[in-house]
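These notes are about the structure you will find just below.
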There are 2 protein chains.
Amino acid sequence: MGFAMDVRDPDKKATRKRGSRRGNSAPTIGDVAREAGCSPMTVSRVINGEGNVREETREQVLAAVKKLKYSPNRAARSLAGGEQLRIALMFDNPSASYLSEFLMGALEEAARNDIHLEVQSCEDAVQARPLVRKLAEGGIRGFILPPPLCDDQSLLDLVSELDAIAIAVGPGKATGTHGAVMIDDFQAAYDMTKHIIDLGHKRIGFIIGNPEQVASGRRLNGYRAAIEDAGLEPLDELIVQGRFTYRSGMAGAEKLLSLDPRPTAIFASNDDMAAATVAVCHRNHLDVPNDITVCGFDDTAMASTIWPELTTIRQPIREMTAWAVTAIARITRARRSGERLKVDQTHLPYTLVRRESDAAPSLVRSSSNGAKPK
Amino acid sequence: MGFAMDVRDPDKKATRKRGSRRGNSAPTIGDVAREAGCSPMTVSRVINGEGNVREETREQVLAAVKKLKYSPNRAARSLAGGEQLRIALMFDNPSASYLSEFLMGALEEAARNDIHLEVQSCEDAVQARPLVRKLAEGGIRGFILPPPLCDDQSLLDLVSELDAIAIAVGPGKATGTHGAVMIDDFQAAYDMTKHIIDLGHKRIGFIIGNPEQVASGRRLNGYRAAIEDAGLEPLDELIVQGRFTYRSGMAGAEKLLSLDPRPTAIFASNDDMAAATVAVCHRNHLDVPNDITVCGFDDTAMASTIWPELTTIRQPIREMTAWAVTAIARITRARRSGERLKVDQTHLPYTLVRRESDAAPSLVRSSSNGAKPK
DNA sequence: GCTTGATGTGGTAGCGCTACCATGATGAGG
DNA sequence: CCTCATCATGGTAGCGCTACCACATCAAGC
């Protein structure tokens, strides 16, 4: 026995010294155990807040932890602890340029918490269903769903049914059966509309988003409320249907510009449609913003690429996705230890980003060189 | 003996079955080894791109990986492998809409290999220098540099000097002192130009990219070579300078459209400028593609957002970034074990994506309804 | 007294992977 | 022919931690 140890020890030391496996720093659970005069197992128990440890022992361990500045090794923990938490991030419009922000938030947060994140793209909500089922059966515990997927109630129900967790990122409305992070679409649209009104505009056109996404309706309502609160006449002719696509934005803008008198400002429900509106304005030889103000929503890359750059509403997409990831982690942990806490929902703050596409209306139609007020 | 086995075996199976440690899914390196008919070690070698594996074996392993959809367990990897590799992804034009693809590739691959990736934005190459120094001193071992950062030779030299690894993603030209993944910009521009020529165009305008990026010159040369090879007259008036921005694209397009006779096609060095060109054409009441063909380069989100959608060259940005990440990982590993293998460079295949912005030239100027040939 | 059952604690065996060394197979040089 | 280097591969022993069982201890019950 003694011999065996003698042989083993130097060997081990040599390995250690070279530091081929581990630099030299980072105390391990074993170091703590030695310091506290107990076994690694007991240390593990204390650290994980399990019961069945004498108060005295616990204190010794905690003192040792503090003294050695021990912090558990994440990799080892998740390796030993059985399965790693796996969550899927699904999206069905890969063209969305806010995807990069979306990914930054999710992947960063996932890495921080040692969560495996799978990025899945799919055609639409219908096609997503079998995919979700497969993933859930394959061990995925949570799903992050951006719009428009998160507006499909039956998809959300399917996730609950499969005993997984769905978090909607930026849905128009939360239904209470699942978690959600969003901005207040209503208030944001209200603010933007009020901003345009404050600039002096009275005829403000609005292009609605995809009717299948609840957010579209909320943005429309925000616009309407601001118009009414300002005492302006709410005219149906100023509101046209779009579908969030560039092309639908072109059609909507053409319709609005053919009105007589034409609106002096157009608020499109997203940036792609706003960009399309700018294009149509240019085709009609209208200068933006001197002849007409155009505003968007979302602050995607498109908004700051085109000329003039769009005044728009910025969603804190990164923070929203990060929140979604931690929410899933929290809920799963709770579930593992039996308790079934209810999923929560939250609103994060948005910002109105003022760029170059808005200005006060030119009073005289022909004088199109009115300097934009800063 | 037989008894002992009888006792032990079911026990083990039971443990497995309950899946207390491992769910049941996730194939391990051992499963792959069994499938490929070799040892786990060999699989490990293949996965980490180490040398000393017979080509035949490598292929078998790769096939097994694919078949089983194996993906290495990050926790185990970093637990066994010592310290975590840290690399930085720097970029200086956050507006680039290909950023999302870029990030997808990098972050996904980084997560897969349990590499800590820091995303850093900076103003320009000059400003990047102190930042690189600080990061390298802080333990960053590799830098991923998209254009235009990767075209700054002194920045690349700085990285080598600091004993870190630089991989250029999509530079115009590789200098041999650093790693690089790219497409053949010359050949791609040549192919696109030839495509336009084959459509029947003879006066083809070209908008050059940012002169500070070497890729711009390569694309220009590709255009020139195709023009000459087709026996068309190379006219300087058809080539205008741009800077890869939407706005510079507008200026360039305006200049080209003011020529008499105007070109029947315009090939812009990137999608943003091509989109701007389409906008300018529309402003001049020219239909795309019936009155004029417009082609882009890069296949960013912009290309498929606007109407008409752009015919363009797709770079496999995601794959390129992923390659960059694994290259850094491979080289670092090699360095750790002493050997100093030279950094390598590779070309990845591009594709010409045909959409709706190109057509044969309309022979009679007024008849603008020429059907687009399929 | 000895079975039960709770309560602390330690031992053992991995989690999936890689560093390191040992091996077998080849070919070059003596 | 045998050595010695060079490859291609396998075996073994951990990385730091936790699940699981075994054990020891002490109280209460038949």
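List of remarks:
- Reported count of residues in segment B:60-72, each being away from every other protein chain (no Cβ under 14 Å) and small (Gly, Ala, Ser), is 2.
- Condition check for residue B:354: under 28 Å from the mean Cα position of the chain (by Cα), modelled with pLDDT under 95 and not small (Gly, Ala, Ser): no
- Single unsatisfied condition, residue B:133 versus (1) out of contact with any Lys or Arg (no Cβ under 8 Å at 6 or more places or on another chain); (2) modelled with pLDDT of 95 or more; (3) of a type in the set (Lys, Arg): (2)
- In segment A:101-120, residue nearest to residue A:144 (Cα to Cα) [restricted to those that are more than 10 Å from chain B (Cβ to nearest Cβ) and of a type outside the set (D, E, K, R)]: A:120
- Yes/no for residue B:283 being within 30 Å of residue B:51 (Cβ to Cβ) and either within 12 Å of another protein chain (Cβ to nearest Cβ) or without any contact (Cβ under 8 Å) to a residue 40 or more places away in the chain (or both): no
- Of all the residues in segment B:43-62, those that are without any contact (Cβ under 8 Å) to a residue 12 or more places away in the chain and either away from DNA strand C (no atom under 11 Å from the Cβ) or of a type in the set (Ser, Thr, Tyr) (or both) number 5.
- Of the criteria (1) in contact with a Pro (Cβ under 9 Å, 6 or more places away or on another chain); (2) surrounded by fewer than 18 Cβ atoms within 10 Å (Cβ to Cβ), which one residue A:215 fails: (2)
- The sole residue among B:144, B:140 that is in a strand (DSSP E or B) and of a type in the set (A, V, I, L, M, F, W, C) is B:144.
- Residue B:277 being closer than 28 Å to residue A:243 by Cβ, in contact with a helix residue (DSSP H, G or I) (Cβ under 7 Å, 6 or more places away or on another chain) and polar (S, T, N, Q): yes
- There is at least one residue in segment B:50-59 that is in a loop (DSSP other than H, G, I, E, B), away from chain A (no Cβ under 14 Å) and among the charged types (D, E, K, R).
- Top-ranked residue of segment A:22-49 - restricted to ones that are within 38 Å of the chain's Cα centre (by Cα) and assigned to a loop (DSSP other than H, G, I, E, B), ranked as modelled with the highest pLDDT: A:28
- Flag for residue B:221 being polar (S, T, N, Q), assigned to a loop (DSSP other than H, G, I, E, B) and either assigned by TED's automatic domain parsing to the domain that holds residue B:92 or touching a residue at least 24 places away in the same chain (Cβ under 8 Å) (or both): no
- Subset of segment B:297-315 [away from chain A (no Cβ under 13 Å) and of a type outside the set (Phe, Trp, Tyr)]: B:311, B:312, B:313, B:314, B:315
- Looking at B:111, B:106, just one residue is within 16 Å of DNA strand C (Cβ to nearest atom), out of contact with any Asp or Glu (no Cβ under 9 Å at 6 or more places or on another chain), part of a helix (DSSP H, G or I) and not assigned by TED's automatic domain parsing to the domain that holds residue B:35, and that residue is B:111.
- Residue, nearest to residue B:243 (Cα to Cα), within segment B:73-88, restricted to residues that are within 11 Å of another protein chain (Cβ to nearest Cβ) and at pLDDT 75 or above: B:74
- Search result, residues across segment A:149-192 that are acidic (Asp, Glu) and crowded, with 19+ Cβ neighbours inside 10 Å: A:151, A:152, A:185
- Hits in segment B:250-280 (condition: facing chain A (nearest Cβ under 9 Å) and either modelled with pLDDT of 95 or more or farther than 11 Å from residue B:209 by Cα (or both)): B:250, B:275, B:276, B:278, B:279, B:280
The values are calculated or read from the model by the stated rules, or taken from the named source; none is laboratory data. Nothing here was measured: the structure is a model prediction, and the numbers come from that model. In this analysis, Cβ positions are derived from the backbone assuming ideal geometry, glycine residues included, and neighbour counts consider all displayed protein chains.
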